Structure formats: C-alpha cells, structure tokens
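What follows is a short report on a single structure.
The values are calculated or read from the model by the stated rules, or taken from the named source; none is laboratory data. Here the structure is a predicted model, which is why all the values come from computation and not from measurement. Cβ placement follows ideal geometry from the backbone for every residue including glycine, while neighbour counts extend to all protein chains displayed.
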Amino acid sequence: MTIDIANIHEKFSQKIQIERVKQKLSQEKLAELANIHRTTVSAIERCAMSPSLETICNIANALKLELTDMFVFNF
C-alpha cells in the first residue's frame, strides 16, 4: 500500500480550515489558542508548510478535537 502524502497534506489543511470556520475562529484566534503564529495557521491552511507533531497537537487542543479526529477526512 502506498501512502499519498500530498493528498493527506491537502486534506489535513482543509480539515483545519473547516474546523476553524465551523467554530467561528479567525486564523489569529486559532493561532493564539494553539500558541503558534497566525502566519503558521495561514501557511498550514494553504498547504505551504507541513506542521510538526507538536503543532498538530496544539491545533487539535485549540479546536477541542482528539488527535485522531484531525485525520478523519469525511467532508
């Protein structure tokens, strides 16, 4: 089985944006809650950067999601 990392990266980026908008959070507010810079949120949502595991955990906590839910792409 081959893992399509580009597809996962794209879906993950979409997931963050969808969850952020669903919770009515600006990129700035999500960044504040996740203790990261707003430009980092923007770069992740645009697929311009791959977040570290620590950043993924911080975003999951900020969005009040389980880590595993960050990788459920049923949208």
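Residue 6 fulfils the conditions (1) at pLDDT 95 or above; (2) part of a helix (DSSP H, G or I) except for a single criterion, (1).
Residues of region 60-75 that are surrounded by 12 or more Cβ atoms within 10 Å (Cβ to Cβ), more than 14 Å from residue 9 (Cβ to Cβ) and touching a residue at least 40 places away in the same chain (Cβ under 8 Å): 63, 65.
Any idea how many residues of region 1-40 are touching a helix residue (DSSP H, G or I) at 6+ places or on another chain (Cβ under 9 Å) and within 20 Å of residue 54 (Cα to Cα)? The number of residues fulfilling the criteria is 24. Residues in region 13-37 that are assigned to a helix (DSSP H, G or I) and more than 12 Å from the chain's Cα centre (by Cα): 22, 28, 29, 32, 33. Here residue 44 meets each of (1) over 19 Å from residue 10 (Cα atoms); (2) in a helix (DSSP H, G or I) with one exception, condition (1). Out of region 13-59, which residues are surrounded by fewer than 19 Cβ atoms within 10 Å (Cβ to Cβ) and closer than 17 Å to residue 74 by Cβ? Scanning region 13-59 gives 14, 17, 18, 21, 22.
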